[in-house]
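The values are calculated or read from the model by the stated rules, or taken from the named source; none is laboratory data. Treat the numbers as computed from the prediction; the structure is a model and nothing was measured. Methodologically, a virtual Cβ is constructed for each residue, glycine included, from the backbone with ideal geometry; neighbour enumeration extends over all protein chains shown. Heavy atoms of the whole protein, side chains included, go into the accessibility calculation; ligands, DNA and RNA do not. Shrake-Rupley method; radii C 1.70, N 1.55, O 1.52, S 1.80 Å.
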Amino acid sequence: MQSEVAELFARTGAAEMPVAEFTVVVPTFNERDNVSELVSRLEQCLRGKAWEVIFVDDDSNDGTAARIREIARNDPRVRCLQRIGRRGLSSACVEGMLASSSPYLAVIDGDCQHDETVLPRMLEVLKSGEADVVVGTRYAAGGGIGSWNTSRAKMSRAATGLSRAVIKHDLSDPMSGFFALRREVLELAVRNLSSIGFKILLDIIASSPKPPRIKELPYEFRNRHAGESKLDAQAVWGYLMLLADKFIGSVIPARFISFVLIGAVGVFVHFAVLAVLFRAMSLRFTLSQAGAVAIAMTSNFTLNNALTYRDMRLRGWRWVMGLISFMLTCSFGALANVGTASYLFKRHTFWALSALAGIVVGTVWNYAMTATYTWEKQRPKSASK
Ligand SMILES: Nc1nc2c(ncn2[C@@H]2O[C@H](COP(=O)(O)OP(=O)(O)OP(=O)(O)O)[C@@H](O)[C@H]2O)c(=O)[nH]1
Ligand SMILES: [Mg+2]
């Protein structure tokens with residue numbers, strides 16, 4: 001096989017072309033004004049090394065992909081992987097790494113907040129065989145969180161504490177988005193990855209069948225070069241979903257857990273609206289109940305669209321079509337719920353147990369059907385902004 005490959009190289013002239021041994025993967029969403037700056041910084045700090053950079057852009061609406069291609073037309077070390085109708089930092093990093101063939105891989109943010117000058121040392125550590133994964137840490141001597149305010153710092157500390165529940169390593173910064181690893185680490189973990197949310201390093205470590213050897217290198221977190229942060233409340237939910245998936249994902253899908261929790265919030269919304277319409281405004285009960293159902297369904301749909309299905313969020317008229325399909329599906333779910341509960345109750349099952357069985361059947365139906373007909377089928381074929 002090896003001689004076959006060598007023969008092919010000799011015939012095609014590929015042997016003369018430089019081949020990357022270090023791929024830097026950069027997830028981007030609306031980072032147009034950071035792209036050239038990052039490429040020139042990479043070019044400076046990795047000069048003399050066989051490197052390449054793969055930007056994985058989720059169809060940004062600010063022209064990020066076009067800017068990357070403009071650079072790539074003059075620099076074969078630069079590539080753009082553009083994903084349509086998809087969102088998600090973790091899945092973007094995984095797909096970027098899978099699109100390369102280098103033995104050594106790194107992930108760095110596209111906004112120049114990570115200190116790219118650490119990359120050559122990361123590569124050295126990997127090549128020396130000292131570690132399988134090298135993590136850029138903000139929480140070791142020599143590192144820092146830059147100008148974060150106290151609430152952001154507290155949030156990061158709390159999230160770091162929670163991460164200890166899913167990984168055994170005593171890492172100072174398991175939430176880091178800046179790291180490098182040997183390809184084998186990815187290959188061993190890739191089929192177990194959750195690929196949910198922002199925390200791909202944590203996902204890789206928690207998904208590795210045998211704990212990788214990890215070394216940490218400190219760096220000082222910087223301010224964004226340009227553009228705006230994408231870290232929001234939904235990213236926090238994504239993190240909780242990742243932890244849930246790591247804990248019980250092999251039994252219950254994380255999306256289902258999110259769907260059920262949001263369903264529970266819907267019950268509160270329902271009662272709050274009912275109290276206002278029926279008690280405070282003295283409307284007829286049937287009318288009040290119908291109003292409460294409509295508002296609770298709309299709020300459930302909105303929350304699921306923003307949190308459970310963040311990576312395939314519906315917008316514009318697709319949002320409206322999604323809401324209609326969600327309401328229709330959940331109405332059938334309610335029928336399945338009542339039907340199951342009544343059937344069991346008539347057969348002398350304890351009333352609370354009958355009701356619980358109805359709720360389980362209705363919820364599973366709602367989840368399974370809306371996953372397909374509300375989100376999968378309505379998924380945008382073009383940009384999701
Ligand atoms: N492909 C892709 N990249 C994303 C997505 N969300 C964020 N990113 C990129 O991931 C990197 C980190 O996102 P940031 O918004 O900078 O998050 P952060 O650094 O934790 O937060 P800040 O400190 O506020 O900037 C940036 O390069 C983003 O452009 C996404 O859904 N898809
Ligand atoms: Mg950032």
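Summary table
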read-out: Globularity index of the range 189-292, i.e. its alpha-carbon radius of gyration over 2.2 N^0.38 Å; value: 1.67
read-out: Per residue accessible area of the chain, 1.4 Å probe, in Å²; value: 50 Å²
read-out: Length added when fully stretched, Ser172-Arg224, from 0.36 nm per residue minus Cα-Cα; value: 16.5 nm
read-out: Cut-off of 10 Å, at most 16 other beta carbons, DSSP loop: longest stretch of the chain lacking such GluC sites (Glu not before Pro); value: 229-385
read-out: Charge-dipole axis of the chain as Lys and Arg at +1 and Asp and Glu at -1 on Cβ define it, positive-most pick from Trp375, Gly144, Gly339; value: Gly339
read-out: Efficiency of FRET from Cβ geometry, Ala290 and Leu328, R₀ 22 Å, rounded to 0.05; value: 0.90
read-out: Whole-Hz couplings from phi, Karplus 6.51/-1.76/1.60, listed for the range 96-111; x for Gly and Pro; value: x, 5, 6, 7, 10, 10, 5, x, 10, 10, 9, 10, 9, 5, x, 9
read-out: Tilt relative to the chain, helix 254-274 - C-alpha long axis, 0 to 90 degrees, to 10; value: 40 degrees
read-out: Carbon/sulfur fraction of accessible area - the range 119-212, other protein chains in place, 1.4 Å, %; value: 53 percent
read-out: Cα coordinate range in the chain, projected on the principal axes (Å, largest first); value: 78, 45, 44
read-out: Environment charge of Ser172, counting only residues whose C-beta is closer than 10 Å and scoring Lys/Arg +1, Asp/Glu -1; value: -2
read-out: Diffusion coefficient, µm² s⁻¹, Stokes-Einstein with Kirkwood Rh over alpha-carbon pairs of the range 1-73 at 4 °C and 1.567 mPa s; value: 91 µm²/s
read-out: Segment Ala10-Gln234, length gained on full extension (0.36 nm per residue, minus Cα span); value: 75.5 nm
read-out: Extended-chain gain in nm, criterion 0.36 nm per residue less alpha-carbon gap, Cys45 and Ala140; value: 31.9 nm
read-out: Mean separation of Cα contacts under 8 Å, 6 or more apart, over the residue count of the chain: relative contact order %; value: 16 percent
read-out: Residue-count net charge about His225 - beta-carbon cut-off 13 Å; Lys, Arg +1, Asp, Glu -1; value: -4
read-out: Separation in nanometres of the label points that stand 7 Å from Cα toward Cβ, at Tyr343 and Ala306; value: 3.7 nm
read-out: Prolate/oblate/rounded label for the range 276-385 (Cα gyration tensor, a/c 1.5); value: oblate
read-out: DSSP beta bridge pairing in the chain, given as percent antiparallel to the nearest 5; value: 25 percent
read-out: Fraction in percent of alpha-carbon pairs per bin - 5 Å, the range 1-159; value: 2, 8, 15, 18, 18, 16, 12, 6, 2, 1, 1, 0, 0
read-out: Approximate spin-label separation Ala275-Trp317, in nm, with each point projected 7 Å along Cα-to-Cβ; value: 4.0 nm
read-out: Electrostatic dipole magnitude of the chain [Cβ: Lys, Arg +1; Asp, Glu -1; Cα centre; debye, to 20]; value: 1460 debye
read-out: Karplus 3J(HN,Hα) series, Hz, for the range 160-167 with 6.51 cos²θ - 1.76 cosθ + 1.60 (x for Gly, Pro); value: 5, x, 4, 4, 4, 6, 10, 10
read-out: If the convex hull is drawn through the Cα atoms of the range 98-158, its volume per residue in Å³; value: 136 Å³
